[in-house]
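These notes are about the structure you will find just below.
The values are calculated or read from the model by the stated rules, or taken from the named source; none is laboratory data. This structure is a prediction, so every number in the text was calculated from the model and none was measured. Because the Cβ atoms are built from the backbone with ideal geometry, glycine has one as well, and the counts that use them run over all protein chains shown. Accessible surface areas use protein heavy atoms only, side chains included; no ligands, DNA or RNA. Shrake-Rupley method; radii C 1.70, N 1.55, O 1.52, S 1.80 Å.
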Amino acid sequence: MVDVGQQAPDFTLKDQNGEDVSLASFKDEKWVVIHSFPAAFTGG
């Protein structure tokens with residue numbers, strides 16, 4: 001688990017268009033917000 005203020009490890013996920021996006025690609029941005037939600041019809 002990552003604590004508030006701690007640097008997140010690099011990872012790569014698919015965006016809404018199915019393209020790979022890595023956290024490292026936002027390195028020079030000031031703020032990055034990571035939000036996730038369960039897929040439709042899942043038990044989340």
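Remarks
- Residue pairs meeting the criteria (Cβ under 9 Å; at least 6 apart or on separate chains; first at pLDDT below 80, in the range 26-44; second among the hydrophobic types (A, V, I, L, M, F, W, C)): 34/8; 34/23; 36/13; 44/37
- Within the range 14-34, the set of residues being open to solvent by less than 100 Å² (accessible area, probe 1.4 Å) and either touching a helix residue (DSSP H, G or I) at 6+ places or on another chain (Cβ under 6 Å) or polar (S, T, N, Q) (or both) comprises 22, 25, 32.
- Residue 11 meets the conditions (1) over 11 Å from the mean Cα position of the chain (by Cα); (2) surrounded by 10 or more Cβ atoms within 10 Å (Cβ to Cβ); (3) of a type outside the set (Asp, Glu) in every case but one. The failed one is (1).
- Look at (1) open to solvent by 90 Å² or more (accessible area, probe 1.4 Å); (2) of a type in the set (A, V, I, L, M, F, W, C); (3) part of a helix (DSSP H, G or I) and you find that residue 37 fails only one, number (3).
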